[in-house]
Protein chains: 2
Amino acid sequence: VSVLVTGAAGFVAATLIDRLLARGDRVLGLDNFSRGSRALLGDKPRHPGFTFEEADLSSLESFRSALGAYQGEPIREVWHLAANSDIPAGVADMNVDLRDTFMTTFNTLSIMEERGIKRLYFSSSSAIYGDHGERSLAEDSGPLLPLSNYGAMKLASEAIISAAAEKFLETAALFRFPNVVGAPATHGVILDFVRRLKTDRRVLQVLGNGSQKKAYLHISDLVEAMLFVQSRQIPRVDIVNIGPTDSGVTVRQIAEETVQVAAPGAELAFGTGDRGWVGDVPRFRYSTDKLQKLGWQPKLDSLGAIRRAIHEICKQECLA
Amino acid sequence: VSVLVTGAAGFVAATLIDRLLARGDRVLGLDNFSRGSRALLGDKPRHPGFTFEEADLSSLESFRSALGAYQGEPIREVWHLAANSDIPAGVADMNVDLRDTFMTTFNTLSIMEERGIKRLYFSSSSAIYGDHGERSLAEDSGPLLPLSNYGAMKLASEAIISAAAEKFLETAALFRFPNVVGAPATHGVILDFVRRLKTDRRVLQVLGNGSQKKAYLHISDLVEAMLFVQSRQIPRVDIVNIGPTDSGVTVRQIAEETVQVAAPGAELAFGTGDRGWVGDVPRFRYSTDKLQKLGWQPKLDSLGAIRRAIHEICKQECLA
């Protein structure tokens, strides 16, 4: 079968598409390179099962014409990963997440309805919950009060997918991602730290006081979890929190671990306040009980994921 | 102070604006007459405190130019009521609720940020919850899985308002409306029944089997509840379910009550299935404990609201 992956030149797709090709799927990847890059496609363009089209999925015309150019078998499922990934940029300008995070979803559904494609796998986010302090957040927790436009437009995407499932979808998996780390990194706290240390090997300036504590999952575990859920019989609309089982690591720990690898001996300089930016959730507890009950466990906990990602990203940035 | 009311020519605004004018506010009303009508403005255009501008709020340019034309005092608060109100139309075409239910909210927030307006009162909907069977739905219930694009775009609106509250709003009240009845009616089950009975006084055809049971609130109680909540010290983002305390009435009861007033002796003919249309929630239990604990009670229960609305709408349609 053919599988459509949106955001194909992004961080998550880089690993996911390799796994889909490895299981024998033909993959059509679409991306506008707004956040991803051609380099992130890596070796994929040489794979006979992979086709790539450049398209701006926030434009229905661009989306349709990219699909019109595709000569492969009919598309049976869609992995919709396209989104803005720069949360502060989306806070500064509401239009960024409207366009790249929500309208890409809206148009994906329009296209799926037009073409009778009925299986959707969607990268939602823990950012839809908002700040609930120390409360453990499960799939049915509420109220949902996102702090960023990114989180808001992920929640809007969940909502419109839910309505589409009532109308025409057979399966819609809403994967709520935690912070995901690994290579090829395009954004995120580790890449930010590594790049800062490249320009100044003596001091690492950290936004906020470093006390923000979050759970992190390695990209390899994230992709495994999604394929595991897909392989199960799932309800029409299935929300699944994906994450490690531990309560996470602090920004301070990440900074210390990064310095150890990238610039041993560098000093840490912290800001004030427990938020790095508007829309940053200072503390975050995420229940992954549902996924564990289905029988899945990550190979790496938050600290393990961070450590592996630091090594991968230092290598990527030529620092190790 | 000046108050901006969007959807000013709609059903809810018809009653709300009268109350705002009565308490001494100056009101700027905006509407594009897509669902509302100039007739629904009633006597308001003759009130010295009321100004009306025709504008399509899904267009930021149209919105800005309508505000530019306004000569009154600076606007201090916004009651954002503009939305699509034809749920089946929005199911048939996703663009309807994107444009009229969501983009009007998005643009309202853009305008508020531009102008430094920090108090927002928003007509959300019980449609954001989706179908949870007999479970009683409170403000923090989840998951939120709307069945219609209308419900989805109301949830999307809540989400983007929540993010705006993190960035610049001081107060955002998210009022989750139940089914609201009364005059001047523009849509809804009673108006539909009355109009059907005008064309055929012998048989009333009902969509679905009539077993759908929902809570109804009279428009007068709805507006009282919102003004009551506004008069309280409320948190930055406050979600409030508004509704009666009973569990509702069935479509069959509404049909019987309507026939009694509008066309005594008419026969009832039911369809099959427990949903009137895609996106219709067959059964609905709504917790209004939060509002009751704040100290507010409706004057009419669901049956009382339905009965009063039937009389009002029969009068409106010249049937009584």
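The values are calculated or read from the model by the stated rules, or taken from the named source; none is laboratory data. Only a predicted model underlies this, so the values are computations on that prediction, with no experimental measurement involved. Counting neighbours? That spans all protein chains shown, and the Cβs are built from the backbone with ideal geometry, glycine included. When the accessible area is computed, the model is the full protein with side chains, heavy atoms only, and any ligands, DNA or RNA have been set aside. Shrake-Rupley method; radii C 1.70, N 1.55, O 1.52, S 1.80 Å.
Just to confirm my filter: which helices (runs of 4 or more DSSP H) fall fully inside the range B:187-281 and include at least 1 residues that are among the basic types (Lys, Arg)?
Helices (runs of 4 or more DSSP H) meeting the threshold: B:189-199, B:251-262.
Could you list, in sequence order, all residues of the range A:125-140 that are more than 11 Å from chain B (Cβ to nearest Cβ) and of a type outside the set (Asp, Glu)?
Answer for the range A:125-140, where residues must be more than 11 Å from chain B (Cβ to nearest Cβ) and of a type outside the set (Asp, Glu): A:SER125, A:SER126, A:GLY133, A:SER136.
Can you go through B:LEU109, B:LEU147 and tell me which one is assigned to a loop (DSSP other than H, G, I, E, B), at the interface with another protein chain (Cβ under 9 Å from one of its Cβ atoms) and at pLDDT 95 or above?
B:LEU147
Checking the structure you have, find out if any residue of the range B:83-92 is more than 19 Å from the chain's Cα centre (by Cα) and either closer than 30 Å to A:GLU114 by Cβ or not acidic (Asp, Glu) (or both).
Checked against the condition, which is being more than 19 Å from the chain's Cα centre (by Cα) and either closer than 30 Å to A:GLU114 by Cβ or not acidic (Asp, Glu) (or both), the range B:83-92 yields at least one hit.
Filter the range B:94-104 down to the residues that are within 10 Å of another protein chain (Cβ to nearest Cβ) and either touching a strand residue (DSSP E or B) at 6+ places or on another chain (Cβ under 8 Å) or open to solvent by 10 Å² or more (accessible area, probe 1.4 Å) (or both) and list them by number.
B:MET94, B:ASN95, B:LEU98, B:MET103
Filter the range B:112-135 down to the residues that are in a strand (DSSP E or B) and open to solvent by 40 Å² or more (accessible area, probe 1.4 Å) and list them by number.
Within the range B:112-135, just B:ARG119 meets the criteria.
Checking the structure you have, find out if any residue of the range A:50-61 is open to solvent by less than 20 Å² (accessible area, probe 1.4 Å) and either basic (Lys, Arg) or within 14 Å of chain B (Cβ to nearest Cβ) (or both).
Taking every residue of the range A:50-61 in turn, none turns out to be open to solvent by less than 20 Å² (accessible area, probe 1.4 Å) and either basic (Lys, Arg) or within 14 Å of chain B (Cβ to nearest Cβ) (or both).
Starting from residues that are of a type in the set (A, V, I, L, M, F, W, C) and open to solvent by less than 20 Å² (accessible area, probe 1.4 Å), keep the ones in the range B:76-93 and report whichever is nearest to the other protein chains (Cβ to nearest Cβ).
Selected residue: B:VAL91.
Being at pLDDT below 95 and buried (at least 17 other Cβ atoms within 10 Å of the Cβ) narrows it down to one residue among B:ASP274, B:ASP280; which is it?
Result: B:ASP280 is the single residue among B:ASP274, B:ASP280 that is at pLDDT below 95 and buried (at least 17 other Cβ atoms within 10 Å of the Cβ).
Could you figure out which of (1) surrounded by 23 or more Cβ atoms within 10 Å (Cβ to Cβ); (2) in a loop (DSSP other than H, G, I, E, B) isn't true of B:GLU139?
(1)
Scan the range A:158-169 and report the pairs whose first residue is more than 7 Å from chain B (Cβ to nearest Cβ) and open to solvent by 10 Å² or more (accessible area, probe 1.4 Å) and whose second residue is of a type outside the set (S, T, N, Q) and in a helix (DSSP H, G or I), with Cβ atoms within less than 7 Å and a gap of 6+ or a chain change.
Final answer for the pair search is A:PHE168/A:GLU113.
Can you tell me which residue in the range B:206-254 is least open to solvent (accessible area, probe 1.4 Å), limited to those that are polar (S, T, N, Q), farther than 30 Å from B:LEU21 by Cα and free of Cβ contacts under 8 Å to residues at least 60 places away in the same chain?
B:THR250
Being more than 21 Å from the chain's Cα centre (by Cα), open to solvent by 30 Å² or more (accessible area, probe 1.4 Å), within 30 Å of A:LEU60 (Cβ to Cβ) and without any contact (Cβ under 8 Å) to a residue 24 or more places away in the chain is the requirement here; does B:SER65 meet it?
In short, yes.
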